[in-house]
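Enquirer: Sending over a structure as structure tokens; questions will come in a sec.
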Amino acid sequence: MEEVLQKPNINTTPIELMPDFRFAQSVDCVIFGYDGGEIKVLLIESDLPAYKGQWSLLGDVLHPDEDLDHASYRVLQERTGLSNMFLEQVKTFSAVNRHPAGRVITTAYLALVNVKDYQLQRQEHSLHWHSVSEITTMAFDHKLILDTCLLALKKKIQEEPIIFNLLDKKFSLRQLQQVFEAVLGIEFDRRNFRKKLFTTGMLKDEHEMETDVHHRPGKLYSFNPAAYEKIKGNSFVGLQF
């Protein structure tokens with residue numbers, strides 16, 4: 001039987017890393033919010049000379065004592081003051097020349113916040129909400145990261161009830177439809193949309209009405225997590241538009 005020669009592998013053979021090999025691992029958070037009928041993203045102005053004045057995502061390098069998830073939560077906590085939000089890893093970006101400081105590999109995280117909640121937290125002059133539809137260029141490869149996370153969001157809101165993270169605890173069906181339309185970039189037939197949502201059983205009637213609105217007040221609903229658990233991985237996928 002012919003012997004198969006195996007090359008050294010870091011997972012099977014002790015390998016000494018080259019002393020001159022250096023790289024950094026970072027996280028970048030794509031924080032989406034919904035405001036004024038638009039999907040927005042929270043950006044910060046870059047101070048690096050190569051991208052002076054351009055907008056970038058919120059991110060940082062990993063500390064020696066933390067993993068990716070911990071680093072992403074730290075970035076969000078330090079920058080926004082928020083700690084309880086939807087956060088999920090999307091993709092790692094490793095283009096060799098993606099950062100002017102050297103070899104930096106970054107992992108992108110998708111986050112969803114209620115803009116009203118954020119406004120109640122600490123503010124920084126260099127942090128601003130930007131309409132996603134108006135962003136054409138960004139620092140580094142952050143436009144690519146933004147686009148990648150936006151595509152992930154469009155897919156995910158049709159499979160899991162994460163869209164409720166963008167709304168108040170109590171919301172109208174009009175507001176819920178508007179958020180879906182803003183994320184997906186399409187308009188729905190009002191009757192068919194509501195029929196699909198009610199079929200899931202995930203909407204709890206709060207027996208309250210909207211107030212301080214310029215249109216006919218609508219009934220208020222909330223997300224029913226118990227109902228979702230019963231249909232998880234099944235009926236909700238039927239929301240695909």
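Enquirer: Please determine, by comparing only the residues of the stretch 209-224 that are modelled with pLDDT of 90 or more and not small (Gly, Ala, Ser), which one is nearest to the chain's Cα centre (by Cα).
Expert: Phe223
Enquirer: Mind telling me which of the residues His99, His128 ends up being more than 30 Å from Glu229 (Cα to Cα) and crowded, with 17+ Cβ neighbours inside 10 Å?
Expert: Details: His128 fails: crowded, with 17+ Cβ neighbours inside 10 Å.
Residue meeting the stated conditions: His99.
Enquirer: Additional query: Could you tell me whether the stretch 145-153 includes any residue that is out of contact with any Leu (no Cβ under 9 Å at 6 or more places or on another chain), surrounded by fewer than 16 Cβ atoms within 10 Å (Cβ to Cβ), in the same structural domain as Phe86 (by TED's automatic domain parsing) and over 21 Å from Asp117 (Cα atoms)?
Expert: Yes: the stretch 145-153 contains one or more residues that are out of contact with any Leu (no Cβ under 9 Å at 6 or more places or on another chain), surrounded by fewer than 16 Cβ atoms within 10 Å (Cβ to Cβ), in the same structural domain as Phe86 (by TED's automatic domain parsing) and over 21 Å from Asp117 (Cα atoms).
Enquirer: Only one of Glu38, Glu88 is surrounded by fewer than 20 Cβ atoms within 10 Å (Cβ to Cβ), within 23 Å of Gly185 (Cβ to Cβ) and under 12 Å from the mean Cα position of the chain (by Cα); which?
Expert: Numbers: Glu38 fails: under 12 Å from the mean Cα position of the chain (by Cα).
Just one listed residue meets the conditions, Glu88.
The values are calculated or read from the model by the stated rules, or taken from the named source; none is laboratory data. Here the structure is a predicted model, which means the values were calculated and not measured. Here Cβ is always computed from backbone atoms with ideal geometry, including for glycine, and neighbour counts include all displayed protein chains.
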